[in-house]
Amino acid sequence: MQEISTKPYLLRALYEWCTDNGFTPHIAVRVDNQTRVPRQFVRDNEIVLNISFEATSQLQMGNEWIEFHARFSGKSHKIEVPVANVLAIYARENGQGMAFPVESAGGEATDSEDDESVIADEPEAAPQAAEKVSETDDEPRPDDDGTKGGGRGHLKVVK
């Protein structure tokens, strides 16, 4: 029997941590032809999605897919994201979360030879997440000093 990946469990745990602490959970997603998102909001084959309770309807975070309904420019869309395409999950307010190795179309990791996850401990930690904000996120994230955007976070590799 094939072992189930820890990634969907980590995504659900960090989603729960964000909501328990009053933070807004966001996921950075690599978009391919399996990913169902409004294409006009995709930049460089990536999109950042607000997956908070307030921004989604019927959110289901399974072992293979993350599915929900969300509004973009006032129009409801069904969003379907393969768990394998999630690049990071983090709290919008402070950037804390976890980044995952980028998998190629063939399923191989391209960022790392080992199966590593990266934990973010400072704002702006998700790869290029600040530049790719969907319509479900209307305001820029403040830095630690309260100014709007611009800081760079640091990642810790966890093996």
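The values are calculated or read from the model by the stated rules, or taken from the named source; none is laboratory data. Keep in mind it's a predicted model, so treat the numbers as computed, not measured. Every residue, glycine as well, gets a Cβ built from its backbone with ideal geometry; the counts of neighbours run over all protein chains shown.
Would you tally the residues in segment 32-48 being over 11 Å from the mean Cα position of the chain (by Cα) and in a strand (DSSP E or B)?
So the answer is 2.
Is there any pair with a first residue in segment 14-35 that is closer than 21 Å to Pro82 by Cα and in contact (Cβ under 8 Å) with a residue 40 or more places away in the chain and a second that is part of a helix (DSSP H, G or I) and among the basic types (Lys, Arg) whose Cβ atoms are under 9 Å apart and which are 6 or more apart or on different chains, and what are they?
Correct list of pairs: Val31/Arg39.
Scan segment 73-90 and report the pairs whose first residue is closer than 18 Å to Gln58 by Cβ and assigned to a strand (DSSP E or B) and whose second residue is among the small types (Gly, Ala, Ser) and modelled with pLDDT of 95 or more, with Cβ atoms within less than 7 Å and a gap of 6+ or a chain change.
His77/Ala70; Ile79/Ala70
Can you tell me which residue among Ala105, Ala120, Ala99, Ala88 is at pLDDT below 95 and either under 21 Å from Cys18 (Cβ atoms) or touching a strand residue (DSSP E or B) at 6+ places or on another chain (Cβ under 7 Å) (or both)? Working first, answer last.
On the way: Ala105 fails: either under 21 Å from Cys18 (Cβ atoms) or touching a strand residue (DSSP E or B) at 6+ places or on another chain (Cβ under 7 Å) (or both); Ala99 fails: at pLDDT below 95; Ala88 fails: at pLDDT below 95.
So the residue among Ala105, Ala120, Ala99, Ala88 that is at pLDDT below 95 and either under 21 Å from Cys18 (Cβ atoms) or touching a strand residue (DSSP E or B) at 6+ places or on another chain (Cβ under 7 Å) (or both) is Ala120.
Residues that are outside any strand (DSSP E or B), of a type in the set (A, V, I, L, M), without any contact (Cβ under 8 Å) to a residue 40 or more places away in the chain and closer than 23 Å to Glu93 by Cα: does segment 49-72 have at least one? Walk me through how you get there before you give the answer.
Restricting attention to segment 49-72, the residues satisfying the condition of being outside any strand (DSSP E or B) are 51-56, 62-64.
From the residues that got through so far, the ones that are of a type in the set (A, V, I, L, M) too are 51, 55.
When the remaining residues are screened for being without any contact (Cβ under 8 Å) to a residue 40 or more places away in the chain, the result is 51.
Narrowing the set further to residues that are closer than 23 Å to Glu93 by Cα leaves 51.
For segment 49-72, residues outside any strand (DSSP E or B), of a type in the set (A, V, I, L, M), without any contact (Cβ under 8 Å) to a residue 40 or more places away in the chain and closer than 23 Å to Glu93 by Cα: present.
Scan segment 21-31 for residues that are assigned to a loop (DSSP other than H, G, I, E, B) and within 15 Å of the chain's Cα centre (by Cα) and jot them down. Please lay out each step first, then the result.
First pass over segment 21-31, keeping only residues assigned to a loop (DSSP other than H, G, I, E, B): 21-24, 31.
Hits for segment 21-31 are Phe23, Thr24, Val31.
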